[in-house]
Every structure is written in C-alpha cells, then in structure tokens.
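Bear in mind that the values in this text are calculations on the coordinates, not laboratory data. A quick note: this is a predicted structure, and the numbers were derived from the prediction, not measured. Methodologically, a virtual Cβ is constructed for each residue, glycine included, from the backbone with ideal geometry; neighbour enumeration extends over all protein chains shown.
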Amino acid sequence: MLASLFARTAAPPIGLAALTGAVPLGAPPRDELVPAAGLAAMPSAEVGLDGDRIAIWIACAAADGALDGLRESLTHADLAEINRVRHEATRAHMATARAQLRIALTHAVSGRIPAHAWRFERAASGQLSVHPDLPRLRFSVSHTDGLAAVAVSRHRPVGIDIEAEHGAMDGAFLKAFLSRREWKAMRRLPEAERARAAIHRWTLKEAYAKLLGIGLAADLTGFEFHLDPARLMSHCEAADAGRGTRFWTWPVPGPRGSCHLALAVGQPTARQVH
C-alpha cells in the first residue's frame, strides 16, 4: 500500500535492473478487471502461461464495522492477527483479503481442502506462504481503499499489487521509489500523465518486490521499469530470482474510484502440487 512507503526500514538495493529493451508486458485476458460485489466465488481473470494458470481474484472489501460478517470465513489465527491492527478500515480490508485467499486456494485444488483448513507460515521478511504440510501453492495478496486482490499459482512465484489512483504526487514521494532514470523520464511527461505513470510504476515495483520475497524491505529505486506515455512497456530482470519475470497490468473500477492492478509472474519452481 502507498501508505507503507515511509514506514520502510533502510535496506541495501538489490541491484539495478538489467533492462532487456522495450518488451510489451503481455496481452491481458481482458481490458478491465471487475471486482465481485463481496467475496468472489470465481476468479476475475486467469493468465495462462506455459501449462500453468494464474488466477486473479478481486473482491470488494467489507465496509467499516462489517468484520462480523466475515468471521465464519476466518480462523482464530486469522482473527488474532487482524485484531492486532488498530485501524478499523484496515482490519476490514485484511479480513476480506484473508477470506478471499482461503477461497482462492481451495478453488486451486478443486475443493479437496476446505477453505478453513489452510494454514500459513510467515518468513522473516514478513511474507506469508502456505504451510509445508499442505500443497505448496504460490500466492500473493494486496488490498487498497475498498478492494482486496489475490493471485494464486500452482507452480510459479507471483506478486500482486492494487492501488487506488491518486492525484498529483510530490517530488519527494516520487524520488522515494523511482530510480534516477525513471525520475528523469517522469519529469519529461506532460503533467496530466505523471500521476497515472507514477501509480503504474509503483504497482509494478510492489508486485515485483513481493514476487522476489523482499516485500517492505525493498529499495524500490533498485530496479526499473520503462514506460511509454500511452502504456507500460518494460520487461525487468533485477536478480537471478527474478529472471524471466513477466508482468501484466489492468485498470480496476473500485467502489471509491479507479484503481490499478499489477501482476508479476516468475519462472516455475520445482515444487509440485498434488
């Protein structure tokens, strides 16, 4: 989330990206992803990639004070984690995202594991993953003002980020996550295009950081994306773990205004899902 930017702790860059030229991010399965009215029963979209299908789920987050309506979809461990957060709206967003994640994981194994039976473990970086005793599905979760997004893959690391489209961003904010070359490119854009270009880069970088497993510890200036004024046009390879990563972006209509979603999909891992 954008609000998390200034809460980041200092961390060394992971290395400047080696750009392989202006490569299209990939043709999305549809021009716009439409969220479900509440928790989604089916994916909003699927991306097919070399025998794997990455499911994208988007739900409208529970309204403030509506957490009780999600309790049946959550475990005691979920609720304990969520209740540690003081901000009521954030708790509702987290609850929606966790409930949607459970639904998405169960869908990925054709219902063989009930939604409430999924267990998770958290890495030192803070990243959540499926417990080793369960099918090792790969997933990523994001939420913003009014929406929660989940990506699930059977064999490939994924990262997802969704953000509300904001107005103009000040220079200090942009410099906190743009590389020098990106900052110079941003300044050359017409003023009316800068906010959209900034949110596109932000979501791509957040999605990529999640895929790499570096999350909130990432220095987002350490890897780059090129933008055409009309659309995103970059394929980024910043580290061995991220080589071959592919990216997709979509607009998403949110309950409180337009949002933007980015998906990063890495190379398949050796883990098998039974």
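Considering amide H positions built from the backbone, and no H for Pro or chain starts, which residues 5 or more places from Leu49, or on another chain, come under 5 Å of its amide H?
Under 5 Å from the amide H of Leu49: Ile54.
What residues have an amide H closer than 5 Å to that of His143, excluding those fewer than 5 places away on the same chain, when H is modeled at 1.01 Å from N in the peptide plane?
Amide H neighbours of His143: Ala149, Ile162.
Determine the sum of side-chain charges near Val265: Lys and Arg each +1, Asp and Glu each -1, restricted to other residues whose C-beta is under 11 angstrom from that of Val265. Can you show the working numbers first?
Numbers: positive: Arg53, Arg138, Arg156, Arg246; negative: Asp50, Asp52.
Net charge in that neighbourhood comes out at +2.
Compactness ratio of region 127-196: Cα Rg over 2.2 N^0.38 Å, N = residue count?
On the way: Rg = 17.1 Å, N = 70, 2.2 N^0.38 = 11.1 Å.
Ratio of Cα Rg to 2.2 N^0.38 Å: 1.55.
Please give, to one decimal in nm, the separation of the simple spin-label points placed at Ala89 and Lys175, each 7 Å out from Cα toward the Cβ.
Distance between the two pseudo-spin positions: 2.9 nm.
Pop a pseudo-label 7 angstrom from the Cα along the beta-carbon direction at both Arg256 and Ala37 and give the gap in nm to one decimal.
2.2 nm
Using θ = phi - 60° and the Karplus form 6.51 cos²θ - 1.76 cosθ + 1.60, what ³J(HN,Hα) does each residue of region 107-122 get, whole Hz, x for Gly and Pro?
Couplings: 4, 5, 10, 6, x, 5, 10, x, 4, 6, 8, 6, 10, 10, 10, 10 Hz.
Just in region 120-186: which trypsin sites (Lys or Arg not before Pro) are loop by DSSP and have at most 15 other Cβ atoms within 10 Å?
Numbers: sites: Arg122, Arg136, Arg138, Arg154, Lys175, Arg180, Arg181, Lys184; in loops: Arg136, Arg154.
Answer in residue order: no site qualifies.
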